[in-house]
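Structure, as structure tokens:
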Amino acid sequence: MGEICVVIEHRKGEIRDITFEMLFKARELCRAFSHRLTALVLAGKDSGLANGLAKWADRVVVFEDDRLETFNADLYKDILNRVIQEDRPFMTLMGHTSWGMDLAPALSVKTGLPLATDCVDIQAKDGRPMVVRQIYSGKLFSRVSFKESPGYLITVRPGAFLPPDAEAGSEGEVVNQDMPADLAEPRTTFVEFVDTGAGEIDITQADLLVSIGRGVGEEENIATIRELADRMGATLSCSRPVVDKNWLPKFHQVGTSGKSVRPKVYLALGISGAFQHVAGITGAGTVIAVNKDRKAPIFRVADYGVADDLFKVADALKEKLAGA
Ligand SMILES: Cc1cc2nc3c(=O)[nH]c(=O)nc-3n(C[C@H](O)[C@H](O)[C@H](O)COP(=O)(O)OP(=O)(O)OC[C@H]3O[C@@H](n4cnc5c(N)ncnc54)[C@H](O)[C@@H]3O)c2cc1C
């Protein structure tokens with residue numbers, strides 16, 4: 001039986017959502033390929049991270065050491081290379097995050113294994129993985145197959161797979177490993193983690209997004225939509241022109257040059273539905289669009305559409321919520 005290995009991502013002692021997305025997808029692939037699922041934890045001493053992972057994987061392999069408290073591409077590459085040489089996992093998944101983007105290419109060179117990056121889907125075909133990637137800024141999806149190889153490396157786009165709480169299985173075995181004695185001195189050191197400033201929001205974590213586009217017309221009009229979002233308990237996001245006009249800061253932007261989001265509900269107000277925007281909401285649950293142009297492309301991806309003035313709809317919603 002082969003193995004699919006997921007490299008666990010964590011920050012400040014917390015496992016990051018991308019980890020569970022990868023584990024969820026890896027479990028599906030394990031069923032397709034009849035492999036077992038291994039979660040690989042590289043973390044600081046007594047991190048306790050393995051406990052929360054045992055129900056997601058058949059095996060949790062743990063390397064704990066003070067040097068691994070924060071991500072270091074050199075050390076990770078060295079240890080992963082040894083794990084790959086020893087266990088020969090059929091497939092190794094990493095997040096397409098600042099970690100994965102730093103680590104995966106170097107690991108590919110070190111191991112000689114093929115790498116596909118920023119994948120939004122992974123399927124099984126002829127005994128090998130076949131991945132789906134977006135090209136031309138998300139306008140097209142391309143299917144990429146690998147040449148026969150003893151192993152495959154894949155980075156996964158955050159938000160591409162189902163919500164992390166969708167599945168958890170039986171308890172896996174936890175295997176504590178000794179740190180290799182001859183690790184090379186890393187060329188980089190962790191200096192500081194700089195948090196986003198107070199008051200800033202993370203639209204990638206929101207369950208409910210109210211998103212505004214150029215259709216909002218004027219900066220002054222944003223207040224009324226913000227009020228609606230507050231009443232709904234939603235987070236405000238936007239399309240790129242809203243950021244380009246300096247009406248909202250960049251961290252609100254959804255899309256290829258903004259963030260990929262996966263709320264349960266995405267309410268798009270006055271957004272036309274350009275592909276660069278829509279590429280950022282492929283992981284959204286229900287998409288509701290309000291646009292006064294009934295031919296707007298956003299209606300092609302919306303589950304529900306209202307062809308009307310966004311302010312009329314916003315006022316009606318506020319009234320409903322006030323009466324609720
Ligand atoms: C390299 C590149 C990267 C890009 N990255 C991104 C990205 O990450 N995110 C992103 O969003 N865009 C991105 N864009 C821009 C993208 O191509 C579109 O220009 C942009 O998404 C359009 O934003 P919009 O829908 O808000 O505006 P518009 O396309 O101008 O649409 C406004 C819509 O509002 C409707 N409307 C107007 N008034 C009202 C009203 N009162 N009530 C209801 N509806 C109304 C109109 O009918 C129209 O459909 C990128 C472009 C490039 C070239």
Subset of the stretch 271-299 [away from the ligand (no atom under 12 Å from the Cβ) and modelled with pLDDT of 95 or more]: Thr286, Val287, Ile288
Can you name the residue in the stretch 300-315 that is surrounded by fewer than 15 Cβ atoms within 10 Å (Cβ to Cβ) and in a helix (DSSP H, G or I) and, of all such residues, is nearest to the ligand (Cβ to nearest atom)? Lys312
I'd like to check something: does the stretch 48-64 contain any residue that is over 20 Å from Val156 (Cβ atoms), modelled with pLDDT of 95 or more and open to solvent by less than 30 Å² (accessible area, probe 1.4 Å)? yes
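One line per residue, one yes/no per condition, for (1) part of a loop (DSSP other than H, G, I, E, B); (2) of a type in the set (A, V, I, L, M):
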position: Thr19; (1), (2): no, no
position: Ala26; (1), (2): no, yes
position: Ala39; (1), (2): no, yes
position: Ser47; (1), (2): yes, no
position: Trp56; (1), (2): yes, no
Among strands (runs of 3 or more DSSP E) lying entirely in the stretch 210-299, which contain 2 or more residues that are touching a residue at least 40 places away in the same chain (Cβ under 8 Å) and under 18 Å from the mean Cα position of the chain (by Cα)? 265-269
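Conditions (1) touching a Ser or Thr at 6+ places or on another chain (Cβ under 8 Å); (2) among the polar types (S, T, N, Q), marked per residue:
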residue: Val6; (1), (2): yes, no
residue: Glu9; (1), (2): yes, no
residue: Thr19; (1), (2): no, yes
residue: Phe24; (1), (2): no, no
residue: Phe33; (1), (2): no, no
residue: Thr38; (1), (2): no, yes
residue: Val41; (1), (2): yes, no
residue: Leu49; (1), (2): no, no
When (1) within 13 Å of Thr92 (Cβ to Cβ); (2) free of Cβ contacts under 8 Å to residues at least 40 places away in the same chain; (3) of a type outside the set (A, V, I, L, M, F, W, C) are applied to Thr38, the one that fails is (2)
Cβ-Cβ under 9 Å, sequence separation 6+ or interchain: first residue in the stretch 119-141 and closer than 18 Å to Gly273 by Cα, partner away from the ligand (no atom under 16 Å from the Cβ). Which pairs? Gln134/Phe141; Gln134/Ser142; Ile135/Phe141; Ile135/Ser142; Phe141/Asp121; Phe141/Val132; Phe141/Arg133
Go over the candidates Gly199, Gly233 one by one and state the one that is open to solvent by 40 Å² or more (accessible area, probe 1.4 Å), at positive phi and at pLDDT 90 or above. Gly233
Out of (1) at pLDDT 95 or above; (2) open to solvent by 30 Å² or more (accessible area, probe 1.4 Å); (3) in a helix (DSSP H, G or I), what's the single condition that is false for Phe71? (3)
In the stretch 253-267, which residues are among the β-branched types (Val, Ile, Thr) and more than 10 Å from the ligand (Cβ to nearest atom)? Val261, Val265
Just one of (1) open to solvent by 30 Å² or more (accessible area, probe 1.4 Å); (2) more than 9 Å from the ligand (Cβ to nearest atom) trips up Asp244, so point out which. (2)
The stretch 98-158: strands (runs of 3 or more DSSP E) wholly inside it with 1 or more residues that are among the charged types (D, E, K, R) and modelled with pLDDT under 95 are 115-125, 128-135
On the basis of being within 14 Å of the ligand (Cβ to nearest atom), in contact with a helix residue (DSSP H, G or I) (Cβ under 6 Å, 6 or more places away or on another chain) and open to solvent by 10 Å² or more (accessible area, probe 1.4 Å), does Lys250 make the cut? yes
Among (1) among the basic types (Lys, Arg); (2) under 23 Å from Arg187 (Cβ atoms); (3) touching a Gly at 6+ places or on another chain (Cβ under 7 Å) - the single one Lys55 does not satisfy: (2)
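The values are calculated or read from the model by the stated rules, or taken from the named source; none is laboratory data. All values derive from a computational prediction rather than experimental measurement. Every residue, glycine among them, receives a Cβ derived from its backbone with ideal geometry; neighbour counts consider all protein chains shown. Note: accessible area is taken over every heavy atom of the protein model, side chains too, but ligands, DNA and RNA are not part of it. Shrake-Rupley method; radii C 1.70, N 1.55, O 1.52, S 1.80 Å.
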